[in-house]
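Report on the structure given below.
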Amino acid sequence: MNENEISYKIRGAIFKVYNSLGPGLLESAYEAVLFYELQKEGLVVKSQVILPLFYDGVKINAGFRIDLLVNDLVLIEIKSVENFHNVHHKQIITYLRLSGLKLGILVNFNSAEIEKSIFRKVNGL
């Protein structure tokens, strides 16, 4: 399965979770339920994956974590905030660059319109 096929399944699972739970919960709740939903879809999902930072040839544990990693190809960054800010978009681009992954999904579950709160981010490598 390639990144686009995985992304399609992720988007479907996001809609299912949102339609079931609605907005206003903590990010951890959406993460746990989305993890479960993606596994039901037959995807391999990892939660809170440590993302090391390499600086000057040295591995530095800076505490970065990918919310969900799907099939070791697509990362998901989950938010439950009033509004997205530029820093949220920059964060996922940086995570993509640091991880070497090509595709990330940024989602804000605290939204009145979930379809306007899902963003695909691509690493230009």
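Laid out as a table, the results:
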{"read-out": "Test: residue in the stretch 44-53 that is part of a helix (DSSP H, G or I) and in contact (Cβ under 8 Å) with a residue 12 or more places away in the chain", "value": "no"}
{"read-out": "Condition check for Ile92: aliphatic (A, V, I, L, M) and in contact with a helix residue (DSSP H, G or I) (Cβ under 8 Å, 6 or more places away or on another chain)", "value": "no"}
{"read-out": "Subset of the stretch 102-125 [farther than 20 Å from Leu34 by Cα, out of contact with any Asp or Glu (no Cβ under 8 Å at 6 or more places or on another chain) and not small (Gly, Ala, Ser)]", "value": "Val122, Asn123, Leu125"}
{"read-out": "Answer residue from the stretch 78-106, given it is hydrophobic (A, V, I, L, M, F, W, C) and touching a Lys or Arg at 6+ places or on another chain (Cβ under 7 Å) and is surrounded by the fewest Cβ atoms within 10 Å (Cβ to Cβ) among those", "value": "Ile93"}
{"read-out": "Any hit, the stretch 99-119, residues being part of a loop (DSSP other than H, G, I, E, B), in contact with a strand residue (DSSP E or B) (Cβ under 6 Å, 6 or more places away or on another chain) and among the hydroxyl-bearing types (Ser, Thr, Tyr)", "value": "yes"}
{"read-out": "Set Val33, Val70: member being over 19 Å from Val122 (Cβ atoms), touching a residue at least 12 places away in the same chain (Cβ under 8 Å), surrounded by 13 or more Cβ atoms within 10 Å (Cβ to Cβ) and β-branched (Val, Ile, Thr)", "value": "Val33"}
{"read-out": "Subset of the stretch 1-31 [among the aliphatic types (A, V, I, L, M), more than 21 Å from Glu113 (Cα to Cα) and under 14 Å from the mean Cα position of the chain (by Cα)]", "value": "Ile6"}
{"read-out": "Which listed residue, of Glu113, Glu41, is of a type in the set (Asp, Glu) and in contact (Cβ under 8 Å) with a residue 24 or more places away in the chain", "value": "Glu41"}
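Rule-based calculations on the coordinates, nothing more; no lab input. This structure is a prediction, so every number in the text was calculated from the model and none was measured. Virtual Cβ from ideal backbone geometry, glycine too; neighbours counted across all protein chains shown.
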